[in-house]
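Undergrad: Please find one structure pasted underneath; my questions will follow.
The values are calculated or read from the model by the stated rules, or taken from the named source; none is laboratory data. Keep in mind that this is a model prediction, so the values were computed, not measured. No Cβ is skipped: glycine too gets one built from the backbone with ideal geometry, and neighbour counts run over all protein chains shown. Ligands, DNA and RNA are excluded from the accessible area calculation, which covers all protein heavy atoms including side chains. Shrake-Rupley method; radii C 1.70, N 1.55, O 1.52, S 1.80 Å.
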Amino acid sequence: MKRIFASYPRLDGQYGRVSAIKVILGGGLLLVMVYFGLGANQTLSKIRYHSSLLEQRTYEVPWSLMQLQLEMIRFLDAVRLRHADAISQDDLMLRYDILWSRTPVLLSNQYQGSLGERQELWLLIRQIDARIHELEPIVEGLQPDSGNYLVILTGLSPYVEPLARTVSALMHDNVRFYAEYDQTYLQLGKQLYQQITGFFITLLLLLLLLFRELRRYWSLQQQDPLTGLPNRFALQRQISTLIEQDQPFSLTLLELKDLSRHYQRFGFKVVDKLLQACCERLQGSLLAHEYLAQPSQGGLVILGRGVVELADIRAQISRFTQALSQKVTIDGYDFYMEPLIGVVLYPFDADNLVDLQARGELALELCKQRQQPYVFFDASLLKEMSRRQQLAKDLSTALHRNNLTLQLQPLLAWPAQQCLGLQVLTSWHHPQFGMIAPGELERMTELYQCSESVLIWSLQAICGQMSVWQRHSSAPLFVSLTLPASLFRPGIEVTLMTVLQSFSLPATSLVLEVNEHTVAQDVPAATAILQRISAVGIRIMLTEFGSGGAALGPLSLLPLNWLKLDATFCTGIEHNEQSRRQLVTLLAMAKVLAQPLVCCGVEHASELAILESLSLEVQGATLLVQGDAVGEVLAVTEVGEWLQKSAQL
């Protein structure tokens, strides 16, 4: 739906909004989870610290002292055996060397910190080390039955008992440390278990909260924000389920007549309420087997499970029409809505989702064209689809043979009657289907991705005549071409400039007409594209101003050269006071945007007179006009003569 200022009443309520309580709850759970995580990390650090203390207690001083005590006893036993000639001198020296190597380990820097706290132990080890070194000559010369063995025994035996007591004390101290360690480790383990449990419980609660919000968000994504009805995705899921079950059903596509005009006349707030009221009435008239959805803004679909008989469908349509035909009062305005309906049946008209949607849209479009209350799809409607497909196939040949027809609609500055530009209208006289009007040709080329070929062909054909026409014009002349939505993309300016340069024409010779609806879909991206076009010198005319859906603020930032009204705004203004007020508003908006306004579709002199008076009243500037009242559509061969006559006026 084309809009300038869109309002969604449901968005002002709770649609898509996360409550403050949920935000606070989620933030609190996240903080608690972080608290438990940091606490668990700190507890693990403490456990690692206590484990390092345990390793030091287990493998450092006590073990070395026990080895020293053991080797001292073994050495003394070896001395006695040597005295009795039970072992050789080499065996004795081996035991001595092993004993000699134990004390340097304890006296090294590795254990200095641990032994420094026990001065008596440190002194004892130093004395043992000194005594072992003093006895070395005696040990080396010890012989069996020699009395020197008593010197060795006397020198070392007194240290065995103090060393044994020290080792026992250290072991007892270690036992006490282990007990304390076990208690601390048990407490830390319990604390870590509680913290990890709290962390995962909090994480689970947070995930549940997020899951609930995701389910809520998913549910909202299946609804239209204005009416709350199921949207296109929900409808397609319902249809796919019925197709999988091979259950017959009907699709009734419904649109409200003149809804677009109501938006222009009454504003979006009023018509949004009207659409809500109509949807509520349809919802209230549904039967148990019917399903109402809104796949697009203003478009409704009723899915009737098992409804395939024409009599049942006509009764359904009558029920809907009666529900909508009753008066609806919105903000003091009375509305009597009339639906436009297209009907397609499964599996008689189509057996898949894509064909059902396409044929339903085709029936609805035909209902609009014929101005009938409803249209049932039948096989004859496929001829129109086949016709469009054939046109798309034949278009490339027509372009190659230059079989398209160009016509030009003058744009005049009034009342000076000076021609400023020519709007290019491309049509096609097909040998089988007859005349294809510019509007239909544009829709067909957009549908089948042929727009660029037609645009380039039209520009090349016109550029060949521009130098001739320029000589007949009293002012610089430009041609304007409609830029299709599919070609509104970065890089199109390069393609167009290549054509202009091949004919040695300046960029100002071309004006691109860009639909406001195309711009409104993505204003930031559109701004970037328009800036690229404007940077190369090609000027831009925004068409359907006032009905294309773009907000006034973003429009003021676009690099535009003209604003062009929809033709409906200038029709019947000599008889309708409300239409004149609407036109005055649009003129004022153009003045605010500081852009020239083009009034097209001016067919009668009376309309031109009203436009002239309104323009002078609001803008106080020259009026730019298109229409039969100032200049009829011209063939290419008629343009030169027409320009000559205009220059003489």
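Undergrad: Using protein chains only and a probe of 1.4 angstrom, how many square angstrom of HIS517 are accessible, to the nearest 10?
TA: Here the residue's solvent-accessible area equals roughly 60 Å².
Undergrad: Still on this structure: Using a 1.4 angstrom probe, figure out how much accessible area region 387-545 has per residue, in square angstrom, rounded to the nearest whole. Intermediate results must be reported in sequence, preceding the final value.
TA: On the way: 6830 Å² over 159 residues.
Result: 43 Å² of accessible area for each residue.
Undergrad: Let me ask another. Working only with C-alpha atoms, what are the Rg and Dmax values of region 495-639, expressed in angstrom?
TA: Calculated on Cα positions, Rg and Dmax stand at 16.3, 50 Å.
Undergrad: Another question about this same structure. For GLU384 and ILE21, compute 0.36 nm times the residue count separating them, minus their Cα-Cα distance, and round to one decimal in nm.
TA: Values: separation 363, 0.36 × 363 = 130.68 nm, distance 5.63 nm.
Contour length minus Cα-Cα distance gives 125.1 nm.
Undergrad: I would also like to ask the following. Within 9 Å, Cβ to Cβ, of THR482, how many net charges do the neighbouring residues add up to if Lys/Arg are +1 and Asp/Glu are -1?
TA: On the way: positive: none; negative: GLU442, GLU513.
Net local charge, THR482 excluded: -2.
Undergrad: Given the C-alpha atoms of region 317-472, compute the convex hull and give its volume per residue in Å³.
TA: Numbers: hull volume 29.9 nm³, N = 156.
Here the figure is 191 Å³ per residue.
Undergrad: Expressed in nm to one decimal, what extension gain is obtained for the pair ASP97 and ARG443 from 0.36 nm per residue of sequence separation less their Cα-Cα distance? Intermediate values should be presented prior to the final figure.
TA: Values: separation 346, 0.36 × 346 = 124.56 nm, distance 10.49 nm.
Between ASP97 and ARG443, full extension yields 114.1 nm more.
Undergrad: Next question. Rounded to a whole number, what % of the accessible area of the chain do carbon and sulfur atoms account for, probe 1.4 Å? The partial results should precede the final answer.
TA: Values: 18050 of 32900 Å².
Roughly 55 percent, rounded to a whole number.
Undergrad: Whole-Hz Karplus ³J(HN,Hα) for region 162-169, in order, using 6.51 cos²θ - 1.76 cosθ + 1.60 and θ = phi - 60°, x for Gly and Pro?
TA: Coupling constants for region 162-169: x, 5, 5, 5, 5, 4, 4, 5 Hz.
Undergrad: Would you mind getting the accessible area per residue of region 180-244, heavy atoms of the protein chains only, 1.4 Å probe, in Å²? Please list the in-between numbers first.
TA: Values: 4330 Å² over 65 residues.
Accessible area per residue, region 180-244: 67 Å².
Undergrad: Given a Förster radius of 60 Å and the C-beta distance between ASP85 and LEU188 as r, what FRET efficiency does 1/(1 + (r/R0)^6) yield to the nearest 0.05?
TA: Efficiency, rounded to the nearest 0.05: 0.50.
Undergrad: Follow-up. Subtracting the Cα-Cα distance from 0.36 nm times the residue separation, let me have the gained length for ALA358 to ARG471 in nm, one decimal. Please list the in-between numbers first.
TA: Working: separation 113, 0.36 × 113 = 40.68 nm, distance 5.02 nm.
Extra length from ALA358 to ARG471 when fully extended: 35.7 nm.
Undergrad: Hey, another quick one. With each label point set 7 Å from Cα along the Cα-Cβ vector, what nm distance links GLU180 and ARG370?
TA: With each label point 7 Å from Cα toward Cβ, the separation is 9.9 nm.
Undergrad: What does the convex hull of the Cα atoms come to per residue for region 179-223, in Å³? Please report the intermediate quantities before stating the final value.
TA: On the way: hull volume 1.2 nm³, N = 45.
About 26 Å³ per residue, rounded to a whole number.
Undergrad: Report Rg (one decimal) and Dmax (nearest whole number) for region 247-344, counting Cα atoms only, units Å.
TA: Gyration radius and largest Cα-Cα distance of region 247-344: 13.7, 45 Å.
Undergrad: Next question. Taking just the alpha carbons, could you work out the radius of gyration and Dmax for region 320-405, both in angstroms?
TA: 18.8, 59
Undergrad: What angle, in degrees between 0 and 90 and rounded to the nearest 10, separates the Cα long axis of helix 268-285 from the longest principal axis of the Cα atoms of the chain?
TA: Computed tilt is about 80 degrees.
Undergrad: Here's something else I'd like to know. What stretch of the chain, leaving out the sites themselves, is the longest with no trypsin sites (Lys or Arg not before Pro) in a DSSP loop having at most 12 other Cβ atoms within 10 Å?
TA: Values: sites that count: ARG17, LYS327, ARG401.
Excluding the exposed sites themselves, the longest stretch runs over 18-326.
Undergrad: What residues qualify as long-range amide H neighbours of ASP349, i.e. H under 5 Å apart, gap of 5 or more or another chain, H built at 1.01 Å from N?
TA: Here nothing satisfies the definition.
Undergrad: If you don't mind, another one. Quick one: divide the alpha-carbon radius of gyration of the chain by 2.2 N^0.38 Å and tell me what you get. Mind dumping the intermediate values first?
TA: Working: Rg = 47.7 Å, N = 649, 2.2 N^0.38 = 25.8 Å.
It is 1.85.
Undergrad: Something else about it: Determine, from the Cβ-Cβ distance of ILE47 and LEU287 and an R0 of 60 Å, the FRET efficiency 1/(1 + (r/R0)^6), rounded to the nearest 0.05. Before the final figure, lay out each step's value.
TA: Working: r = 69 Å, r/R0 = 1.14.
For ILE47 and LEU287, the calculated efficiency is 0.30.
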